[in-house]
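Okay, structure first, notes after.
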Amino acid sequence: MKHWLCVSFFCSLAAQASPELAPYLPAEAVAKEALIQSPLLQQARARKQALGLRAQAIDAGSAEFSVRALQQRRSINATGERYGESSVSLERPVRLWGKRGIDAELAQQTQALADIEYADAVHEASRELLKHWFAFLRAATLNANANTTLELAHAHQRLAGVRLKHGEISQLDAQLAQAELQRTEAAWQLSQAELSAASTALERRYPSLPLPKLNATQLLRQSELPAPFEQPAVLQAAFLQTNHELNMLRIDAQRLRLHAQRVNRDRWPDPTLGIFSARDRAGAEQVTGVSVAIAFAGDARSYQGQAALAEAQAADDKVATMQRTLSAAFDATLAQYQHKRMAAAQLQRAAQTQTLAAEKSRTAFTLGEHSMSDMLTIARVANDNRLAADLIRVEVIELLASVRLDLHEIWDFDD
């Protein structure tokens, strides 16, 4: 795009996703690479792997084979005979009463939870990148404004020096111009500090993400404001359908309902089946057979089942609560976007009007019709208006990017 200077990769954002954001964001491939290499996603991948293995463990079941060995001596007092005897048995609990099927479903839900957790981590990492990216853009906007203001202050100081030589203004007016130059130099130094801090935050967190060399003023003032959102109800429905946090709660509620079913099935204990072989009377007798052991369930199993049902109900209620919370937050974001977009348009018009007034004031000062104090005051107000218009435009773009990200229209790296 023509708004970027010397950074061609910023033009490669997928146009079909959100073309109005293309000039402001890094390319999808560059952003994806930066996110994949971040420690946050490395941690998320490890968490996904752990949950996947837990899902396999649930499907396999917790039953284990056990070997029981017995060594004993038999003494017959009447005859004085003594014998060595031994027995060996192999036992294992068996999942019955439909528990194996429920465990298989629980394993699937646990794997689904692992997948959605990772997708949410990717989404939150993308949101974090957007936050730091727009902090950089905001700092670049402040710096660009400070550069423009400093150039004007130098021009005013040179003009004041020429007029002072010709005796057209007083020494006081020349001092006012010098003081304004000193003030703008201080403001420029502060903007450099902000830009340096924002740049460092990006570079340290995302080493593979190149920083753009941009003209923020040109970028913001030559592009049109993005269009307002249409059909907010449709957008909200899409947002709630794809929201990872809400989907995690939905999956967790399903998992807890299955867990409650599983705990209730445990009111019928699993039998333990075994085979055994015994050597009695020093091998004179050989015994083989099978064994079955069944526990008698106590009240604790019933209470645990009731507790699991209550937890499942609480999870369902949490889903409903979260849906309302997210709906309200999404509505608020859309409302902020719509109102700030209109405010940005109004501030832009005000800045243009005030800039024209500042230019007329400089002309009037040159002709001796305005005082130095009046010219500097009008110029300062014009600059403040331009800066306010630029900053609120950055806010509008950031809100738009946040909504597009939540709707998976940009940076859809969840797979």
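Only one entry of THR355, THR363 meets the criterion of being in a helix (DSSP H, G or I) and over 43 Å from the mean Cα position of the chain (by Cα), and that entry is THR363. When ALA177 is tested against (1) over 30 Å from ALA31 (Cβ atoms); (2) at pLDDT 90 or above, exactly one condition is not met: (2). Among the residues of segment 68-96, those that are part of a loop (DSSP other than H, G, I, E, B) and closer than 30 Å to ASN264 by Cβ comprise VAL94, ARG95, LEU96. In the condition set (1) over 44 Å from the mean Cα position of the chain (by Cα); (2) more than 30 Å from SER87 (Cα to Cα), GLY289 is compliant with all but (2). Among the numbered conditions (1) under 28 Å from the mean Cα position of the chain (by Cα); (2) modelled with pLDDT of 85 or more; (3) crowded, with 18+ Cβ neighbours inside 10 Å; (4) part of a helix (DSSP H, G or I), the only one that ALA153 does not meet is (1). Among the residues of this structure, ARG163 does not count as one that is farther than 24 Å from LYS213 by Cβ and surrounded by fewer than 19 Cβ atoms within 10 Å (Cβ to Cβ).
Of everything in segment 98-134 that's in contact with an Asp or Glu (Cβ under 7 Å, 6 or more places away or on another chain) and of a type in the set (Gly, Ala, Ser), which residue is surrounded by the fewest Cβ atoms within 10 Å (Cβ to Cβ)? Among them, the one singled out is ALA104. Criterion applied to GLU117, GLU124 was being within 22 Å of the chain's Cα centre (by Cα) and under 30 Å from ASN264 (Cβ atoms), and the one residue passing it is GLU117.
Condition check: over 49 Å from the mean Cα position of the chain (by Cα) and free of Cβ contacts under 8 Å to residues at least 40 places away in the same chain. Does THR377 satisfy that? Considered against the rule, which asks whether it is over 49 Å from the mean Cα position of the chain (by Cα) and free of Cβ contacts under 8 Å to residues at least 40 places away in the same chain, THR377 comes out as no.
Scanning segment 264-284 for residues that are surrounded by fewer than 16 Cβ atoms within 10 Å (Cβ to Cβ) and in contact with a helix residue (DSSP H, G or I) (Cβ under 6 Å, 6 or more places away or on another chain) gives a single hit, ARG267.
Note on segment 291-347: residues that are among the aliphatic types (A, V, I, L, M), under 21 Å from ALA238 (Cβ atoms) and touching a residue at least 12 places away in the same chain (Cβ under 8 Å) amount to 4. Would you check if there is a residue in segment 129-143 being part of a helix (DSSP H, G or I), of a type in the set (A, V, I, L, M, F, W, C) and modelled with pLDDT under 90? No: segment 129-143 contains no residue that is part of a helix (DSSP H, G or I), of a type in the set (A, V, I, L, M, F, W, C) and modelled with pLDDT under 90. Considered as a group, the residues in segment 344-390 that are within 13 Å of THR149 (Cβ to Cβ) and not hydrophobic (A, V, I, L, M, F, W, C) include one that is surrounded by the fewest Cβ atoms within 10 Å (Cβ to Cβ), and that residue is ASP384.
LYS165 - would you say it is over 25 Å from LEU35 (Cβ atoms) and of a type in the set (Lys, Arg)? Spelling it out, LYS165 is indeed over 25 Å from LEU35 (Cβ atoms) and of a type in the set (Lys, Arg). How about segment 292-322: which of its residues are more than 36 Å from the chain's Cα centre (by Cα) and of a type in the set (Asp, Glu)? If the condition is that a residue be more than 36 Å from the chain's Cα centre (by Cα) and of a type in the set (Asp, Glu), then ASP299 is the only one that fits.
The values are calculated or read from the model by the stated rules, or taken from the named source; none is laboratory data. Keep in mind that this is a model prediction, so the values were computed, not measured. With ideal geometry, Cβ positions are generated from the backbone for all residues, glycine too; neighbour counts draw on all protein chains shown.
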